[in-house]
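One structure is given below, encoded as structure tokens.
The values are calculated or read from the model by the stated rules, or taken from the named source; none is laboratory data. Quick caveat: nothing in here was measured; it's all calculated off a predicted structure. Backbone-built Cβ (ideal geometry, glycine too); neighbour counts: all protein chains shown.
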Amino acid sequence: MAGLLVQVNEFLLLLLVFVVGGLGLAFWLDRRITQADASRREEFLRDVAVSRPRSFILSYRGGQKDATDTFGAEARAFADMGYVPVSQSWAPGQWSFSAFVVVVLLALFVVGILILIYMLIVKPGGTLTVAYELRPSLTDLLAELDDARAAGLISEEYWATRRAQILDPSRDH
């Protein structure tokens, strides 16, 4: 009987080491991925500042609050460069089918039961997808309007009306 008790204790200790090691590995990988994402985002921000694309789409992963906070911070940086968000979409996270298959197989070794309980309680982070568009500056809009007038593409009346609308956006368009 004492031998069986020793074997059960060894098994539980091994199980504990396996679970703690797995969680440690998961947290380490998550941190590495987060650091890599931050580095790629900084590089992308520099590329946008140089290349000035008309529009682009970014995805923010994580919990809804974290994704929204990151979006808010980046939206301010992009606004300084003349970009505004034109659409947003939130997709809640979900576990993949293959993850459930692996957990069911691990359930044969008892570890999977704990992981399955975790998967049923904790939902993975979702994705906030945001489309940004470059809006021309006031100077650019007025220059285009003046160019169209100089080329004879618009009348003086339209030029004056549109110029007033650009300078005072509260007026009806």
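Here are a few things to note about the model shown:
- If you check Phe56, Phe78 for being within 30 Å of Arg163 (Cβ to Cβ) and touching a strand residue (DSSP E or B) at 6+ places or on another chain (Cβ under 8 Å), only one passes: Phe78.
- Being within 29 Å of Phe44 (Cα to Cα), exposed (fewer than 12 other Cβ atoms within 10 Å of the Cβ) and not β-branched (Val, Ile, Thr) is not true of Gln88.
- Residue ID - farthest from Gln94 (Cα to Cα), chosen from residues in region 37-78 that are at pLDDT below 85 and in contact with a helix residue (DSSP H, G or I) (Cβ under 8 Å, 6 or more places away or on another chain): Val48
- Within region 104-117, being closer than 19 Å to Leu14 by Cβ and free of Cβ contacts under 8 Å to residues at least 60 places away in the same chain holds for Leu105, Leu106, Ala107, Leu108, Phe109, Gly112, Ile113, Ile115.
- Pairs, first without any contact (Cβ under 8 Å) to a residue 12 or more places away in the chain in region 145-158, second among the hydroxyl-bearing types (Ser, Thr, Tyr), C-beta under 9 Å, six or more apart: Ala148/Tyr158; Arg149/Ser155; Arg149/Tyr158
- The residues on offer are Trp95, Trp90, and the sole one that is at pLDDT below 90 and touching a helix residue (DSSP H, G or I) at 6+ places or on another chain (Cβ under 9 Å) is Trp95.
- When we screen Gln64, Gln94 for residues that are surrounded by 14 or more Cβ atoms within 10 Å (Cβ to Cβ) and closer than 20 Å to Val122 by Cβ, the only hit is Gln64.
- Residue among Ile154, Ile166 that alone is of a type outside the set (Asp, Glu) and assigned to a helix (DSSP H, G or I): Ile166
- The criterion of being touching a helix residue (DSSP H, G or I) at 6+ places or on another chain (Cβ under 6 Å), of a type in the set (Val, Ile, Thr) and not assigned by TED's automatic domain parsing to the domain that holds Leu14 does not hold for Ile113.
- Check on Leu120, exposed (fewer than 12 other Cβ atoms within 10 Å of the Cβ), among the aliphatic types (A, V, I, L, M) and closer than 21 Å to Ala79 by Cβ: no
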